[in-house]
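Working notes, beginning with the structure itself.
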Amino acid sequence: MDFTWTKVLELALLGLVAGGIGSMTGIGGGLIITPVLTLVFGVPIHHAIGASLCCVIATSSGAAASYIEHRLSDIRLGMTLELATTVGAVTGSLIAGILSRGMLAVAFALFLIVAAGVMLRRRSSTTPPGSEEIGTYKVRRLPLGLMGSGGAGVISGLLGVGGGIIKVPLMYLVMGVPFKVATATSNFMIGVTAAASAFIYYSRGDVQPLVAAPAAVGVFFGAALGSRLMRKVRSGRLVLLLSCIMFYFAAMMIWKAYQEGFFR
Amino acid sequence: MTRLSEDKAQTAIAAVLRYGSLVSTLVMALGLVMLLIRGLSAYPPLESPAPVGVVVARALRFDALAISELGLILLLLTPILRIVVAATTFGLERDHKYMFIALGVLVVVVLSIGYAMG
């Protein structure tokens, strides 16, 4: 891929949009960045995931800071589960290193389909999560939580996503953590989890500065913008639109992998 | 030494995340803007992966490519600094259980970096 100033600006714009949509809908930018980089920009998927990991750190840090300031993150629970997410992330990044482009694209597409499905279901559920009061709670089933967090870490390191779509239900439904706290704590863990695998991507040459830096700068400002816009835009329609786009991306990624060969 | 209050610990952790990501984003943006002004051809290509020492040395000579890459490295280091600050604050709070948990996370990440560098 050639680098011209238009390319750099396009990548920054992609980051801005992905970061904005990500913070308005609650999905990280990772689910948008990687498909667009591979399908539109023609970036090899390993480089796309390397860039996505950087974007995930850039978006989650600002949000995590304000969640902590609002006392919504359970820092102790977060750090405990990070023992598992980081080990998982290292494992995931090593698996990504041995997978062919086609196989990694198919794995990403399958995760996109699941994530889009979860978003649609959450949208149609009648009780808006997050409306409950945060009282005192006791963390239950920690061993199960650690195992699930390890799995979320593998997905994060393999596909370059934050993995909130796994960790939030895990803490909320399995471990008995209030939804708001689960969301904030999941976000708290994202940066460290992504950093654990990002250095392995970096050492393989999969973090290309001219792809990752413009996208990360865009995402950082996009996320800040998105969290201000959030109160003005109704996110229900946005979620519906986004899940349709995610299904489309998944189909295109599988189609591209089929055309180029799964094992190349 | 006085015990560190929970509030101060949380403020410190939040500050690392906020300013770490802000500073690294600004460094990346500076590199990219310089790149846009002077053009990519003004700078010799940077091998990938570039050794951190080379990146820092070239960034200090105002090499735009190296400055962008330095920003990325700072971004990847921000969460790790957050673990260090968390471990320190847990230690100051005399919360030894969580201090060791934070150190455990740090060990995993440092081993990962060691593996990546080696």
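The values are calculated or read from the model by the stated rules, or taken from the named source; none is laboratory data. Note that the structure is a prediction, hence the values are computed from the model and not measured. Here Cβ is always computed from backbone atoms with ideal geometry, including for glycine, and neighbour counts include all displayed protein chains.
When you check residue B:16 against the structure, is it within 15 Å of residue A:58 (Cβ to Cβ), more than 7 Å from chain A (Cβ to nearest Cβ) and part of a helix (DSSP H, G or I), yes or no?
Numbers: within 15 Å of residue A:58 (Cβ to Cβ): yes; more than 7 Å from chain A (Cβ to nearest Cβ): yes; part of a helix (DSSP H, G or I): yes.
Judged against the criteria, residue B:16 is a match.
Against the conditions (1) under 18 Å from the mean Cα position of the chain (by Cα); (2) part of a helix (DSSP H, G or I); (3) more than 7 Å from chain A (Cβ to nearest Cβ), where does residue B:9 fall short? Just the number, please.
(1)
In the range A:198-209, which residue that is part of a helix (DSSP H, G or I) and within 7 Å of chain B (Cβ to nearest Cβ) is nearest to residue A:4 (Cα to Cα)? Can you show your working first?
Quick first cut of the range A:198-209, residues part of a helix (DSSP H, G or I) only: A:198-203, A:209.
Now drop any that are not within 7 Å of chain B (Cβ to nearest Cβ), which leaves A:198-200, A:202-203, A:209.
Numbers: A:198: 26, A:199: 27, A:200: 28, A:202: 23, A:203: 25, A:209: 14 Å.
It comes out as A:209.
Regarding residue A:45, is this residue crowded, with 24+ Cβ neighbours inside 10 Å and under 12 Å from the mean Cα position of the chain (by Cα)? Write out each step before concluding.
Numbers: crowded, with 24+ Cβ neighbours inside 10 Å: yes; under 12 Å from the mean Cα position of the chain (by Cα): no.
Judged against the criteria, residue A:45 is not a match.
Every residue, every condition in (1) in a helix (DSSP H, G or I); (2) modelled with pLDDT of 90 or more; (3) over 26 Å from residue A:33 (Cβ atoms); (4) hydroxyl-bearing (Ser, Thr, Tyr), yes or no:
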residue: A:135; (1), (2), (3), (4): no, no, yes, no
residue: A:147; (1), (2), (3), (4): yes, yes, yes, no
residue: A:170; (1), (2), (3), (4): yes, yes, no, no
residue: A:181; (1), (2), (3), (4): yes, yes, yes, no
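Any idea which of (1) surrounded by 14 or more Cβ atoms within 10 Å (Cβ to Cβ); (2) within 25 Å of residue A:5 (Cα to Cα); (3) more than 8 Å from chain A (Cβ to nearest Cβ) is the one residue B:85 doesn't satisfy?
(2)
Identify all residues within the range A:70-79 that are over 13 Å from residue A:171 (Cα atoms) and either at pLDDT below 90 or of a type in the set (A, V, I, L, M) (or both); write none if there are none.
A:70, A:71, A:72, A:75, A:79, listed by residue number.
Determine, yes or no, whether residue B:66 is more than 28 Å from residue A:78 (Cα to Cα), over 13 Å from the mean Cα position of the chain (by Cα) and within 9 Å of chain A (Cβ to nearest Cβ). Walk me through how you get there before you give the answer.
Details: more than 28 Å from residue A:78 (Cα to Cα): yes; over 13 Å from the mean Cα position of the chain (by Cα): yes; within 9 Å of chain A (Cβ to nearest Cβ): yes.
So residue B:66 passes the test.
What's the number of the only condition in (1) more than 14 Å from chain B (Cβ to nearest Cβ); (2) assigned to a helix (DSSP H, G or I); (3) surrounded by fewer than 24 Cβ atoms within 10 Å (Cβ to Cβ) that residue A:176 fails to meet?
The number of the failed condition is (2).
Just checking, does the range A:180-189 include any residue being crowded, with 24+ Cβ neighbours inside 10 Å, within 14 Å of chain B (Cβ to nearest Cβ) and closer than 30 Å to residue B:41 by Cβ?
Scanning the range A:180-189 turns up no residue that is crowded, with 24+ Cβ neighbours inside 10 Å, within 14 Å of chain B (Cβ to nearest Cβ) and closer than 30 Å to residue B:41 by Cβ.
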